[in-house]
Amino acid sequence: MAKIQMKNAIAELDGDEMTRVLWKVIKEELLLPYVDLKTEYYDLGLKSRDDSDDKITYEAAEAIKRLHVGVKCATITSNQARVEEYHLKKLTPSPNGIIRAELDGTVFREPIFVNNVHGTVSCWKKPIVLGRHAYGDVYKNCEIKCPTAGKAELVFTGTDGKEIRKTIMDMKGPGIIQGIHNLDESIENFAKCCFTYAANKKLCVWFGAKDTISKIYDGNFKEIFQRVFDQDFKKQFDDAGIEYFYTLIDDAVARVMRSEGGFMWATKNYDGDVMSDMIASACGSLAMMTSVLVSPDGNFEYEASHGTVQKHYYRYLKGEKTSTNPVATIFAWTGALAKRGELDENKELVDFAKCLEKATLQTIEEGYMTGDIARIASPKAKKILNSWEYIAAIKERIR
């Protein structure tokens, strides 16, 4: 059959390890036979980022802004072990952190439900959408390892030359200090993105932070969220019969674990990083969750919410065919293609993306799946497939 034509390109951000291997297979088997794929390719593999001193990461972020749609493979954020393994020049920053800061967006993550895979939290009946602030906090921090005793201070010098200075700690010996920041504008954008997304899906919004301890930092989040809601969204929420409320993050966690789902949980950057993995794992697998970064000016970056599956990659290098679950990576591609089709008024492309998602989930529901979800499938899997077999089974159903 004739391939589906694309009017405009999407930014393609390649990644690392096992997800990089499957990225190529997904393109060759599930996309290129059916779509005349138009992408601007950026290699965000760890060595490529190190060689370019992260210039390529910033170029990829600019491409997403220009094209309005990007799709990203999972990438490594280096630690000292990775520096030695990949012979890097230095510790490289998080590419996700760079891209999220450049787009100043909010990450929305949602579990992918299938009828025969039941999570470990029995009361969850509906997906929990997690809205994660994607700017600042520890992902754009400044750290010092203090070699001796001394005074640690927090200093702000305004553009008017006035200085605010506070003592963090009179340190009696060696230790560590860390500085984090956020911007009112970014927090406002985060709140607006969450309320807009929730209103469109008719979801209640829960926001949790720790203003009882972090009275100024977290208190600022709480105040801005409430102001944005009262000014711009309260009537819309009232008319739709949905609500917004703030609670402490520990209370939010307890509420989430007792809920039936079906709401948006808005979180600060680090909280969202941790809790999205908890929700995905409790729903079945880290590979069964969609993730999209939405910027306030209408740019979208789709990605898998999990890492590069390092252990499977080492086994792959030894010649093994691993049973790595590619669903989240497939859904990153379908999300990006559907959004491209929506923006370009290309119904064929949107329909193809939906078809591929349906074939992906139908394969699982018919009993053919990777090992991670076979452990909790009911009824039991008819056959546990390696990644290549699973992708081939999806391709059969596309036909």
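Which value in deg cm²/dmol, rounded to the nearest 500, describes the helix-derived mean residue ellipticity at 222 nm for the chain, given -39,500 (n - 2.57) per DSSP H run of n ≥ 4 and division by the residue count?
-12500 deg cm²/dmol
Using DSSP to call loops (not H, G, I, E or B), can you name the trypsin sites (Lys or Arg not before Pro) in segment 193-287 whose Cβ has at most 13 other Cβ atoms within 10 angstrom?
Passing both the DSSP loop test and the Cβ count: LYS202, LYS215.
So how do CYS355, CYS194 line up by other beta-carbon neighbours within 10 Å, fewest first?
CYS355, CYS194
In the calculated pair distance distribution of segment 146-297, what percentage of Cα-Cα distances lie above 22 Å?
Result: 53 percent of Cα pairs exceed 22 Å.
Full-extension gain between LYS321 and LYS47, please, as 0.36 nm times their residue separation minus the C-alpha to C-alpha distance.
So the extension gain works out to 96.2 nm.
Could you tell me which residue out of LEU337, ILE26, GLY298 lies farthest along the dipole of the chain toward its positive end? Charges go on the beta carbon: Lys and Arg +1, Asp and Glu -1, centred on the Cα centre.
ILE26
Specify which residue in the list LEU203, GLY136, GLY150 is farthest towards the positive end of the charge dipole of the chain, using unit charges on the beta carbon of Lys, Arg (+1) and Asp, Glu (-1), about the Cα centre.
Final value for the positive-end residue is LEU203.
Quick one: order GLU12, GLU59, GLU102 by neighbouring beta-carbon count within 10 Å, fewest to most.
GLU59, GLU102, GLU12
In cubic angstrom, how much convex hull volume per residue do the alpha carbon atoms of the chain span?
In the chain, the Cα convex hull volume per residue is 171 Å³.
Using per-residue counts of other Cβ atoms within 10 Å, averaged over each peptide, order 64-72, 25-33 from highest down.
Averaged packing, sorted descending, gives the order 64-72, 25-33.
How big is segment 1-152 by the Kirkwood estimate over distinct Cα pairs, in Å?
Taking every pair of different Cα atoms in segment 1-152, averaging 1/r and inverting gives 18.4 Å.
Checking the a/c ratio against 1.5 first, then a/b against b/c, what shape does the Cα gyration tensor give for segment 263-399?
Oblate shape, in that a/c is at least 1.5 and b/c is the bigger or equal ratio.
Residue by residue, what Karplus-based ³J(HN,Hα) values in Hz, rounded to whole numbers, does segment 297-312 have, using 6.51, -1.76 and 1.60 with θ = phi - 60° and x for Gly and Pro?
Per-residue couplings from phi come out as 9, x, 10, 9, 10, 9, 8, 7, 8, 9, x, 8, 6, 4, 4, 5 Hz.
Between VAL35 and residues 5 or more places away or on another chain, which pairs have amide H atoms under 5 Å apart, with H built 1.01 Å from N, and which residues are they?
ILE4
Out of segment 235-314, which GluC sites (Glu not before Pro) are coil in DSSP terms and have no more than 16 other C-beta atoms within 10 Å?
GLU243, GLU260
5 Å is the cut-off here: which amide hydrogens, built 1.01 Å from N in the peptide plane, fall below it relative to GLY70, excluding neighbours closer than 5 in sequence?
Sorted by chain and number, the residues that satisfy this are ALA11, PHE300, GLU301, TYR302.
Once R0 is set to 25 Å, what does the formula 1/(1 + (r/R0)^6) return for the Cβ-Cβ distance between ASN386 and GLU85, expressed as a FRET efficiency to the nearest 0.05?
0.50
What residues qualify as long-range amide H neighbours of GLY175, i.e. H under 5 Å apart, gap of 5 or more or another chain, H built at 1.01 Å from N?
CYS146, THR148
Would you mind working out the magnitude of the charge dipole of the chain relative to its Cα centre, with +1 at each Lys and Arg C-beta and -1 at each Asp and Glu C-beta, to the nearest 20 Debye?
Computed about the Cα centre, the dipole is about 980 debye.
Give the residue list of trypsin sites (Lys or Arg not before Pro) in segment 343-393 that are DSSP loop and have at most 14 other beta-carbon atoms within 10 angstrom.
Loop-located and lightly packed - ARG375, LYS380, LYS382.
With axes computed from alpha carbons, what is the tilt in degrees of helix 327-343 against the longest principal axis of the chain, rounded to the nearest 10 within 0 to 90?
Computed tilt is about 90 degrees.
Could you grab the relative contact order for the chain? Cα pairs under 8 Å, six or more apart, rounded to a whole percent.
Contact order relative to length: 21 percent.
With +1 on each Lys and Arg Cβ and -1 on each Asp and Glu Cβ, how big is the dipole of segment 50-182 about its Cα centre, in debye rounded to the nearest 20?
For segment 50-182, the charge dipole is close to 480 debye.
Distance cut-off 26 Å, Cα to Cα: go down the list LYS202/LYS354; LYS202/LYS395; LYS24/LYS321; LYS7/LYS395 and report the pairs above it.
Listed pairs above 26 Å: LYS202/LYS395.
Hey, fewest Cβ within 10 Å first, where do MET264, MET1, MET6 land in order?
Ranked by crowding around the Cβ, least crowded first: MET1, MET6, MET264.
How many percent of the alpha carbon pairs in segment 1-80 exceed a separation of 18 Å?
When all Cα pairs of segment 1-80 are counted, 46 percent exceed 18 Å.
Each reported figure results from applying straightforward, stated rules to the coordinates on display, with no laboratory input. As the structure is a prediction and not an experimental result, all values here were calculated from the model. Positions of Cβ are generated from backbone atoms using ideal geometry, with glycine treated the same way; all protein chains shown enter the neighbour counts.
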